[in-house]
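Right, one structure below, let's go through it.
All of the numbers you see were taken from the coordinates with simple rules; none came from a lab. Since the structure is predicted, the reported quantities are computational estimates derived from the model, not experimental observations. When we count neighbours, we look across all protein chains shown, and the Cβ atoms used for this are built from the backbone with ideal geometry, even at glycine.
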Amino acid sequence: MSSAPAWDKDGFPVTHPEPWGRHGAFTTIRVEGDPPRPLFLDAHLNRLEESSSLLGMELIATKEQILERLTVFLSSLLLPAPFLLRICLFEDCLGFSSRPANTGESSLTGKILRHLRPVPKAKSTADKELYGRLNELDLTREDLLLVHPEEEVVLESATSNLVFAQGNHLIIPEQDILPGIVLGKLLEVIGRDFSLERTSPRLDELPTFDEIILCGSGREISSFAAIPEADWQSRSEKTFLHLRETYGTLKADHA
């Protein structure tokens, strides 16, 4: 089987299209273990359906059909775990692709991009302005910090949700963002260890934060070391290490 297979509405194999700039929904899933096991798969498939609905798309494959094809794909894939699996649901085809996964990093550099995703709560392949730029980055060392182009508040990164730490007080954006699966899992448990505030900080407020942490399926729990354009540098790893340990426990409980 191809490393990036795709099927049309009738289930016949087709060439996987270039996703960015094409109308469609997608989700990215971390796969671990032997045999390979997609983490939080049901939540990802639900979000794929939700994104498709928000984008006004007609579903061309059911969850059961996707699972059936996914089982065959994972059993034939030679890429060692952990790796990332992207499922794209377009108007005329379903496609899978995979790539190696990075581990949680604490030395990322942030670059500012003033951008508001057209439908923030949906993962859309049509957003070429955002996802097309990721090829310009070394994603093992860099990520884009998305800033609302009119309100100058920080929303999320190109790959992850963000957590801003001031001691034990965490500020977590809620509006105009994709409500990520990893962040959702953390929010279920971290309220007992931290005080939480759901708002988006202004760009000029970043120097007041000790840590800026990224939470996502690809990066898992990572953190910025510096955002030069905002004159910000990390002053601690305390919250990063705590959230990474907490997420590790959540993954183990999910196994």
Projected label distance in nm at E68 and I112, using a 7 Å step from Cα toward the beta-carbon: 5.1 nm
Low-density loop cleavage sites - GluC sites (Glu not before Pro) in the range 143-189, where at most 16 other Cβ are within 10 Å (DSSP): E150, E151, E152, E174, E188
Alpha-carbon centroids, the range 13-52 and the range 128-193: separation in whole Å: 19 Å
Range of Cα positions in the chain per principal axis (Å), largest first: 54, 39, 29
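Tell me which trypsin sites (Lys or Arg not before Pro) from the range 183-250 have a DSSP coil assignment and no more than 12 other beta carbons within 10 Å of their own. Before the final figure, lay out the partial values.
On the way: sites: K185, R192, R198, R202, R219, R235, K238, R244; in loops: R198, R219, R235.
Counting only loop positions with at most 12 other Cβ atoms within 10 Å, the trypsin sites (Lys or Arg not before Pro) in the range 183-250 are R198, R235.
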Burial ordering of H254, H242, fewest other beta-carbon atoms within 10 Å first: H254, H242
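Can you pull out the GluC sites (Glu not before Pro) in the range 60-131 that DSSP calls coil and that have at most 15 other Cβ atoms within 10 Å?
E91
Given a Förster distance of 35 angstrom, what is the FRET efficiency for S236 paired with K121, based on the Cβ-Cβ distance and rounded to 0.05?
Values: r = 31 Å, r/R0 = 0.89.
The formula returns an efficiency of 0.65 here.
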Helix axis angle, 41-54 relative to the chain longest principal axis, alpha carbon, degrees: 90 degrees
